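Shown next, in structure tokens, is the structure this report addresses.
The values are calculated or read from the model by the stated rules, or taken from the named source; none is laboratory data. On a predicted model such as this, the values are computed, not experimentally measured, just so you know. Protein only, heavy atoms only, side chains kept; ligands, DNA and RNA dropped before computing areas. Shrake-Rupley method; radii C 1.70, N 1.55, O 1.52, S 1.80 Å.
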Amino acid sequence: MAISEDPELQLFLFGLFLSVYLVTVLGNLLIVLLIIFDSHLHTPMYYFLSNLSLIDIFFISTTIPEMIVGIKLHNRVISYVGCLTQMSLFLFFACMDDMILTVMAYDRFVAICHPLHYTVMMNPQVCAVLILLSFSVSVFDSLLHNLIVLQVTCFKDVEIANFFCHPLQLLNLACTNKLSSNIVIYFIGVILGIFPVLGIILSYCKIVFSILKIPSSSGKHKAFSTRGSHLSVVCLFYGTGIGVYLGSVVSHSPQKNAVASLMYTVVSPMLNPFIYTLRNRDISNALKRFHSRVF
């Protein structure tokens, strides 16, 4: 389904989404390069951030290039294999985003609440295991959706009520019983959405209580400012993602669901680099050092 059927808007939409895609890729790539080449950022927090930025590049690349080509060629047809591939990659990278944001909250919890044990609790081996665990959960999520959708061997002449092969639309096509489709949607939404959010909320509650115990006001301000960027990204990603995923069961407006999907598939990956560079002092300083070395 197209975002808009208005022929006069097609050129504008092509330019808009191409610009957003380039800004997202270049912005996240810049963060990855800064963390790799700046030794001041070689910490667990920025190790996870570099992974998040890399995942965001792949995440937006699963949907936007296909849509841009479709707008340019006036062709929205996608093959059966192409549709399943897009859905699988979308689920994998969305779940990786989900898991890494949760891991980053845990990292901040350890750094604030257990600072003396931080280097031991978040050593390189633990960080690698956490990323591997996130990878495994993401693969499981993608495979679970595929096993259900593959019950339908062919989607010929079927219109997907979104601008890409959204898992929810394919689940509704695959499940002839609406109740079974809703059960799957809510089960995955709770396991991969509600539980991580509860973990993040619990971590931040403990972080806030620990920060309030800091005697100096400058120390409190610094602690809150470094956590603000991660919290902003969490609210943007989870708020829109869970809202679309669970709200689709109630809402029957494809256009509204498609526009809402844009928020976490396009807007969230695009804003992440701006949030982390504007609100994070370490990244801002690394950017200044990089600028002074180059110019």
Kindly provide log₁₀ I(q)/I(0) values, in the same order as q = 0.12, 0.20 Å⁻¹, from the Debye equation applied to equal alpha-carbon scatterers of the range 18-107.
-0.46, -0.97
Subtract the Cα-Cα distance of Leu18 and His291 from 0.36 nm times their separation in residues, and report this length gain in nm to one decimal.
95.7 nm
Surface share of carbon and sulfur [accessible, 1.4 angstrom probe, percent] for the range 1-72:
74 percent
Multiply the residue separation of Val139 and Val120 by 0.36 nm, subtract the distance between their alpha-carbon atoms, and state the gained length in nm to one decimal.
4.0 nm
